[in-house]
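Asker: Before we start, here is the structure in question, set down as structure tokens.
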Amino acid sequence: MSKDTMNDVNMPQPLDNDDRYLWDKSGPVDREIEQLERKLQVLRYEGQAPQMRIGGRRWRIAPFATAAVLTLAAGVTWMMFQSADTSGTWNVVAMMGTPTIDSVPLVGEGRLAVGDWLETDNNAQVRVEVADIGDVTLHPNSRLRLLVSEADKRHGLQLARGSIEAFIFAPPRLFFVETASAVAVDLGCHYMLQVDEQGTGRLEVLSGWVSLEHDAIDSIVPRGGVCQTRAGIGPGTPYFKDTSDELVQALVEFDFEDGGEDAMNVVLTQARPRDTLTLWHLLSRVDGAQREEVFDHMTSFSPLPDDVTRDGVLRLDKQMLEDWWDALQATW
């Protein structure tokens with residue numbers, strides 16, 4: 001390729017008149033773009049960091065993330081308008097091999113209805129379009145069922161075994177995945193979830209947030225976070241993927257194997273400033289002298305906000321725990 005040809009390729013091309021509407025609205029109105037603009041008005045920045053509620057708690061999204069969130073919203077919402085489906089059945093596409101829907105081989109594309117089981121063997125993989133809010137990839141040797149699909153209310157899957165990768169753009173708590181050990185409640189995110197038939201599972205969040213829930217246990221997992229689950233116990237304590245192996249093993253022992261004080265000592269010894277995510281969750285999972293130890297380690301990494309007190313945290317004052325959570329997010 002000559003230098004002149006390369007320059008021609010790299011030069012910006014003149015805009016068609018119709019394209020100018022995207023830039024300065026000087027061209028003819030593009031009705032699809034105009035519709036998209038109206039839909040996205042609800043997401044426009046109003047001068048405050050957005051918040052979301054999870055299980056009665058208030059979680060703030062860091063201000064510097066707002067622009068990225070809105071950009072993602074525009075792109076995903078555009079795709080949603082192109083292929084929205086709220087009929088109660090979901091489109092599925094075989095990506096490799098031959099998956100089955102209720103034991104019937106799937107070739108190409110098909111539909112998944114409420115109650116249907118979708119299954120892959122060791123050679124199959126399938127993409128599931130989650131109504132109009134995202135998609136889920138079902139990996140080999142996996143089995144899941146569509147539990148519910150109600151437009152603008154809730155959409156849910158049951159993962160009996162195997163692994164999925166979910167990318168969801170929706171209001172918090174609209175999409176969930178049940179497993180034998182916990183329910184993964186989507187808060188607008190991208191995550192990997194795997195579980196075996198006994199309920200031993202692992203969640204890794206690639207972007208956004210996921211709430212892992214079982215009975216009274218609630219583990220909030222942010223981007224870069226991991227959380228393990230066990231049947232009969234529920235979710236363990238979240239940690240970041242780059243956490244030390246020693247700390248992770250100590251959490252497994254503490255959460256699922258009655259590791260007690262010995263395991264907690266390893267956690268406290270191995271914890272870094274970023275591991276306040278783990279320590280914050282542990283505050284409500286220990287009591288007495290252990291809670292004081294966890295508190296002291298946290299304050300050595302992050303000073304208390306002005307409106308948060310030692311006494312309030314130790315008695316698990318809800319508002320103070322929320323305020324400290326908000327302050328800690330900047331270190332994660």
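Asker: When you check residue 132 against the structure, is it outside any strand (DSSP E or B) and at pLDDT below 95, yes or no?
Answerer: Numbers: outside any strand (DSSP E or B): yes; at pLDDT below 95: yes.
In short, yes.
Asker: With (1) out of contact with any Phe, Trp or Tyr (no Cβ under 9 Å at 6 or more places or on another chain); (2) modelled with pLDDT under 95; (3) under 20 Å from residue 230 (Cα atoms) as the list, and residue 260 as the residue in question, which single condition is left unmet?
Answerer: Answer for residue 260: the failing condition is (1).
Asker: Examine the stretch 261-277 for a residue that is surrounded by 16 or more Cβ atoms within 10 Å (Cβ to Cβ), closer than 15 Å to residue 299 by Cα, touching a Pro at 6+ places or on another chain (Cβ under 8 Å) and outside the structural domain of residue 160 (by TED's automatic domain parsing), and state whether such a residue exists. Explain how you work it out, then say what you get.
Answerer: Pass one, the stretch 261-277, residues surrounded by 16 or more Cβ atoms within 10 Å (Cβ to Cβ): 263-264, 266-268, 270-271, 274-277.
Pick out the ones that are also closer than 15 Å to residue 299 by Cα and you get 268, 271, 274-277.
Of the ones still in play, those that are also touching a Pro at 6+ places or on another chain (Cβ under 8 Å) are 277.
So of that shortlist, the ones also outside the structural domain of residue 160 (by TED's automatic domain parsing) come out as 277.
Within the stretch 261-277, one or more residues are surrounded by 16 or more Cβ atoms within 10 Å (Cβ to Cβ), closer than 15 Å to residue 299 by Cα, touching a Pro at 6+ places or on another chain (Cβ under 8 Å) and outside the structural domain of residue 160 (by TED's automatic domain parsing).
Asker: On to the next question. Could you tell me which of the residues 320, 298 is on the phi < 0 side of the Ramachandran plot and in contact with a Gly (Cβ under 8 Å, 6 or more places away or on another chain)? Show your work before the answer.
Answerer: Working: 298 fails: in contact with a Gly (Cβ under 8 Å, 6 or more places away or on another chain).
It is 320.
Asker: Sticking with this one: Would the stretch 145-156 turn up any residue that is surrounded by 23 or more Cβ atoms within 10 Å (Cβ to Cβ), touching an Asp or Glu at 6+ places or on another chain (Cβ under 7 Å) and outside the structural domain of residue 277 (by TED's automatic domain parsing)?
Answerer: So in the stretch 145-156, the residues surrounded by 23 or more Cβ atoms within 10 Å (Cβ to Cβ) come out as 146, 155.
Right, trim to touching an Asp or Glu at 6+ places or on another chain (Cβ under 7 Å) and you get 146.
Keeping just the survivors that are outside the structural domain of residue 277 (by TED's automatic domain parsing) gives 146.
Checked against the condition, which is being surrounded by 23 or more Cβ atoms within 10 Å (Cβ to Cβ), touching an Asp or Glu at 6+ places or on another chain (Cβ under 7 Å) and outside the structural domain of residue 277 (by TED's automatic domain parsing), the stretch 145-156 yields at least one hit.
Asker: Which residue out of 275, 306 is in a loop (DSSP other than H, G, I, E, B) and among the charged types (D, E, K, R)? Explain how you work it out, then say what you get.
Answerer: Details: 275 fails: in a loop (DSSP other than H, G, I, E, B).
Result: 306 is the single residue among 275, 306 that is in a loop (DSSP other than H, G, I, E, B) and among the charged types (D, E, K, R).
Asker: Taking the stretch 184-199, which residues are surrounded by fewer than 24 Cβ atoms within 10 Å (Cβ to Cβ) and within 11 Å of residue 160 (Cα to Cα)?
Answerer: Those that are surrounded by fewer than 24 Cβ atoms within 10 Å (Cβ to Cβ) and within 11 Å of residue 160 (Cα to Cα): 194, 196, 197, 198, 199.
Asker: Here's a follow-up. Any idea which of 237, 243, 200, 269 is modelled with pLDDT of 95 or more, in contact with a Ser or Thr (Cβ under 6 Å, 6 or more places away or on another chain) and not aliphatic (A, V, I, L, M)?
Answerer: 237 is the lone residue from the list that is modelled with pLDDT of 95 or more, in contact with a Ser or Thr (Cβ under 6 Å, 6 or more places away or on another chain) and not aliphatic (A, V, I, L, M).
The values are calculated or read from the model by the stated rules, or taken from the named source; none is laboratory data. For clarity, every value in this text was computed on a predicted model and none was experimentally measured. Here the Cβ is made from the backbone with ideal geometry for all residues, glycine too, and neighbour counts use every protein chain on show.
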